[in-house]
Amino acid sequence: MEPWQWGLVIVLGLGIALIAYGVLTDRIANRDLQRSLHAPPTQAVPGFRPDAVAPAYLTELEARHTPTQRAPLPDETITRLRAWMDDTAVSRCVDAGLVSADFVTEPDTGWAVALDPQVLVCATEVTDIRELLGVLEGASAAPRSLIVVAPGYADEVRVTLEVNALQGTVGLIAVRAEQRAAADICTATAAEAVPRETLQAGALRPEQLGDCRAWIADRHASWIVRRVAEPD
């Protein structure tokens, strides 16, 4: 082969190699560009520490098997509550039983007891936990317990309330009451029956909540101890 032919072969080989290198480089650049376009933006998270311990989340099963230990009420308080329950001048018994045994605070008596609680009376069944988020957030930041009264609860709502009560996230008791019992509760606690639309809009006003000296409930009924039971 003539020298000029060897030169031509070498030039062609170098040209093909350069073209292949250019194609490969272009593909890599396009791939990196696509990745950067679809990847989340890189930004610093305020307060984030890479070496921080990851938070532990409880499943519903774990929450039910690791409830917050509640100190039982003193015997003298139980005795006083029994006296109030028997005295119709200071307490009112209504057909509003506990939604489930998970709200029981006094295992020896089977009672759920809240002293000086706020009372939310829902006019209709609670079908979505978002209806209660506003009032639950307020209750978690307040020292007072919350009584939730409704004619019914969706399963998801009931389970969420149970887990919060078991873990002590909120001092919470949920009872089921039909219209007549709910009206009696409103009378005894000065609460208003709150429509679902008000709860969904987060427009609950503080004056729509009722209160009482004490609330005692079992699986069948509730006893509302009115403010007249307070000593002078």
Item to check | DSSP beta bridges in the stretch 75-229 [antiparallel fraction, %, rounded to 5] | outcome: 60
Checklist entry - To the nearest 20 debye, what charge dipole does the stretch 75-229 have about its Cα centre, counting +1 at the Cβ of each Lys and Arg and -1 at the Cβ of each Asp and Glu? => result 340
Checklist entry - What per residue convex hull volume, in Å³, do the alpha-carbon atoms of the stretch 75-229 yield? => result 98
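Taken together, the values in this text are just the output of simple stated rules run on the coordinates, not laboratory data. Quick caveat: nothing in here was measured; it's all calculated off a predicted structure. For neighbour counting, all protein chains shown are included, and Cβ atoms are generated from backbone atoms with ideal geometry for every residue, glycine included.
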